[in-house]
Amino acid sequence: MPVDYNGTWEMIENKNFDGYMKAMDIDFATRKIGSHLTQTKEIKQEGDVFHTKTLSTFRNYNLDYTIGKEFEEHTKGLDNRTVKTLVQWDGDKLICIQKGEKPNRGWKHWIEGGNLHLELTCDDQVCHQIFKKKLPMYK
């Protein structure tokens, strides 16, 4: 059974996000705002079906996918492109390949040391983000 990605994850580290956004042709003003944001990821995993929300004070992005099934993704609010997206398991890692006008585009997710890692790639740029699981609040 693959690793459990369920939960709410808060960003604690964000390396080379500006370089990644430049490779995606994101405009200067949006890059400056994006570089200062802290994101939260909400992941609901039901077997090989994932429902993800990336939340920030600037923009939110929802992505639902099934492992092994290619789909057309509209990256509205990100770089506003349409790509063919395929997410697959590689051991306990989620590997995503996005085919479109940008070369070497995709991402990898894995859990290590209790933290969620996200590696975003586009062209020759790599951004590495780390998220810590938010513990539920009990009354």
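Kindly indicate the residue of the range 119-135 that is in contact (Cβ under 8 Å) with a residue 40 or more places away in the chain and not in a strand (DSSP E or B) and also nearest to residue 73 (Cα to Cα) among those meeting that condition. Show your work before the answer.
Applying the first criterion (in contact (Cβ under 8 Å) with a residue 40 or more places away in the chain) to the range 119-135 yields 120-134.
Retained after the next criterion (residues that are not in a strand (DSSP E or B)): 123-124, 134.
Numbers: 123: 19, 124: 22, 134: 28 Å.
It comes out as 123.
Among the listed residues 54, 40, identify the single one that is within 19 Å of residue 127 (Cα to Cα) and either open to solvent by less than 30 Å² (accessible area, probe 1.4 Å) or in contact with a Phe, Trp or Tyr (Cβ under 6 Å, 6 or more places away or on another chain) (or both). First the steps, then the outcome.
On the way: 40 fails: either open to solvent by less than 30 Å² (accessible area, probe 1.4 Å) or in contact with a Phe, Trp or Tyr (Cβ under 6 Å, 6 or more places away or on another chain) (or both).
Residue meeting the stated conditions: 54.
Between residues in the range 2-21 that are within 14 Å of residue 33 (Cα to Cα) and residues that are small (Gly, Ala, Ser) and buried (at least 16 other Cβ atoms within 10 Å of the Cβ), which pairs lie under 7 Å by C-beta distance while being six or more apart or on different chains?
Short answer, once both residue conditions are applied: 17/34; 21/34.
One line per residue, one yes/no per condition, for (1) touching a Leu at 6+ places or on another chain (Cβ under 6 Å); (2) surrounded by fewer than 16 Cβ atoms within 10 Å (Cβ to Cβ); (3) farther than 16 Å from residue 10 by Cβ; (4) at pLDDT 95 or above:
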position	(1), (2), (3), (4)
75	no, no, yes, no
78	no, no, yes, no
91	no, yes, yes, no
111	no, no, no, yes
117	no, no, no, yes
120	no, no, yes, yes
126	no, no, yes, yes
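So in the range 93-103, with the set limited to residues that are over 16 Å from residue 45 (Cβ atoms) and within 15 Å of the chain's Cα centre (by Cα), which one is surrounded by the fewest Cβ atoms within 10 Å (Cβ to Cβ)? Steps first, please.
So the first thing to find is which residues in the range 93-103 are over 16 Å from residue 45 (Cβ atoms), and the list is 97-103.
Still in the running and within 15 Å of the chain's Cα centre (by Cα): 97-98.
Numbers: 97: 16, 98: 20.
Among those that are over 16 Å from residue 45 (Cβ atoms) and within 15 Å of the chain's Cα centre (by Cα), it is 97.
Residue-by-condition table, conditions (1) in a loop (DSSP other than H, G, I, E, B); (2) loosely packed, with under 14 Cβ neighbours inside 10 Å; (3) out of contact with any Phe, Trp or Tyr (no Cβ under 7 Å at 6 or more places or on another chain); (4) at pLDDT 95 or above:
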position: 8; (1), (2), (3), (4): no, no, yes, yes
position: 20; (1), (2), (3), (4): no, no, yes, yes
position: 32; (1), (2), (3), (4): no, yes, yes, no
position: 45; (1), (2), (3), (4): no, no, no, yes
position: 58; (1), (2), (3), (4): yes, yes, yes, no
position: 72; (1), (2), (3), (4): no, yes, yes, yes
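Of all the residues that make up the range 60-70, how many are in a loop (DSSP other than H, G, I, E, B) and under 21 Å from residue 91 (Cβ atoms)? Lay out the reasoning, then the answer.
Taking the range 60-70 first, the residues in a loop (DSSP other than H, G, I, E, B) are 60, 67-70.
Those still in the list that are under 21 Å from residue 91 (Cβ atoms) too: 67-70.
Number satisfying all stated conditions: 4.
Residue by residue through the range 76-118, note down the ones that are aliphatic (A, V, I, L, M) and in a loop (DSSP other than H, G, I, E, B).
Going through the range 76-118, the residues aliphatic (A, V, I, L, M) turn out to be 78, 83, 86-87, 94-95, 97, 111, 116, 118.
Selection gives 78 alone.
The values are calculated or read from the model by the stated rules, or taken from the named source; none is laboratory data. All of these numbers come straight from a predicted model, not from anything done at the bench. So basically every Cβ, Gly included, is an ideal-geometry build from the backbone, and we count neighbours across all protein chains shown. We work out accessible area using only protein heavy atoms, side chains counted, and drop any ligands, DNA or RNA first. Shrake-Rupley method; radii C 1.70, N 1.55, O 1.52, S 1.80 Å.
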